[in-house]
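S.K.: Structure incoming, see below.
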Amino acid sequence: MQSDALKQAAVAALEDIKARDIAVLDTRRLTSLFDFLIVATGDSSRQVKALSTHLQERIKSLGAPIHGAEGEKTGEWILVDLGDVVVNIMLPASREYYNLEELWTEPGSA
C-alpha cells in the first residue's frame, strides 16, 4: 500500500472514533525512517485504546501490515507503526508535554 493511501486510511480510522486535533506531518525530508507522522488526541485512556484498536483493524482489513504497537496497556500514549506511517495517539497532557509536532517540523517552516 502506498504511503499516501496508508496515511488517508489511518486518518479516516481516527476520525471514525472521534479523535481530536489530528495532525499529519510529512517527514520525508527529515528522515528516511517513515514518510508521515500522525498525531491525534483522545479524551480518555479508554478512547485512546479504542482509537488504536480501530486503526489497527482498519489497516489490517486493507491488507497492510502492522509493524508494532507500544503503550496499549496504559493508554496514555499509543504508538502504532504502520511502516511508512507512524501514528501517535495521545492523551491531551502527554501531547502537550512531548509536543511531537514541534519536534518533527522542518526548521524554518513553523
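S.K.: Compute a Gaussian network model of the chain, connecting alpha carbons closer than 10 Å, and tell me which residue from 78, 17, 38 fluctuates the most.
M.R.: In the Gaussian network model the winner is 17.
S.K.: Right, here's the next one. Place +1 on the Cβ of every Lys and Arg and -1 on the Cβ of every Asp and Glu in segment 23-110, take the dipole about the Cα centre, and give the residue among 34, 79, 104 whose Cα lies farthest towards its positive end.
M.R.: Checked the options; the winner is 79.
S.K.: Could you work out the local net charge near residue 13, counting Lys and Arg as +1, Asp and Glu as -1, over the other residues with Cβ closer than 9 Å to its Cβ? Kindly include the intermediate steps, with their values, before the conclusion.
M.R.: Working: positive: 58; negative: 15, 16, 57.
Net local charge, residue 13 excluded: -2.
S.K.: How long is the gain from residue 30 to residue 57 if the chain were fully straight, where each residue apart is worth 0.36 nm and the alpha carbon distance is subtracted? Numbers along the way, then the final one.
M.R.: On the way: separation 27, 0.36 × 27 = 9.72 nm, distance 2.89 nm.
Computed gain between residue 30 and residue 57 is 6.8 nm.
S.K.: Hey, got the dipole for the chain? About the Cα centre, +1 on K and R Cβ, -1 on D and E Cβ, debye to the nearest 20? Could the numbers behind the result be given before it?
M.R.: On the way: 11 positive and 17 negative charges, 56 e Å.
About 280 debye.
S.K.: At a Förster distance of 25 Å, what's the computed FRET efficiency of residue 46 paired with residue 22, Cβ-Cβ distance as r, to 0.05? Don't skip to the end; give the middle numbers.
M.R.: Values: r = 19 Å, r/R0 = 0.74.
FRET efficiency, residue 46 to residue 22: 0.85.
S.K.: Further, regarding this structure: Name the trypsin sites (Lys or Arg not before Pro) in segment 16-110 that are in a loop by DSSP and that have at most 10 other C-beta atoms within 10 Å, would you? Mind showing how you got there, number by number?
M.R.: On the way: sites: 18, 20, 28, 29, 46, 49, 58, 60, 73, 95; in loops: 18, 28, 29, 73.
Sparse-neighbourhood loop trypsin sites (Lys or Arg not before Pro): 29, 73.
S.K.: Right, another one. Could you tell me which of rounded, prolate or oblate describes segment 50-110, using a ≥ b ≥ c as the square roots of the eigenvalues of the alpha-carbon gyration tensor, with rounded for a/c under 1.5 and, failing that, prolate when a/b is larger than b/c and oblate otherwise?
M.R.: On the way: a/c = 2.83, a/b = 1.43, b/c = 1.98.
It is oblate, given that a/c is not under 1.5 and a/b is not larger than b/c.
S.K.: Show me, for segment 4-17, the HN-Hα J-couplings you get by feeding each phi into the Karplus relation (A = 6.51, B = -1.76, C = 1.60, θ = phi - 60°), rounded to Hz, glycine and proline as x.
M.R.: Karplus values, whole Hz, x for Gly and Pro: 5, 5, 5, 4, 5, 5, 5, 5, 4, 5, 5, 5, 4, 9.
S.K.: Moving to a separate point now. Within segment 5-110, report the chymotrypsin sites (Phe, Trp or Tyr not before Pro) that DSSP leaves as loop and that have at most 12 other Cβ atoms within 10 Å.
M.R.: On the way: sites: 34, 36, 77, 97, 98, 104; in loops: 34, 104.
Answer in residue order: no site qualifies.
S.K.: What spacing in nm lies between the two simple spin-label points modelled at residue 67 and residue 103, each 7 Å away from Cα in the Cβ direction?
M.R.: Simple spin-label model gives 1.7 nm for this pair.
S.K.: Now for a different question. Given N residues in the chain, what is Rg(Cα) / (2.2 N^0.38 Å)? Before the final figure, lay out each step's value.
M.R.: Numbers: Rg = 12.9 Å, N = 110, 2.2 N^0.38 = 13.1 Å.
Compactness ratio reported: 0.99.
Coordinate-derived values only; no laboratory data. Owing to the predicted nature of the structure, the values given are computational and were not obtained by experimental measurement. Here Cβ is always computed from backbone atoms with ideal geometry, including for glycine, and neighbour counts include all displayed protein chains.
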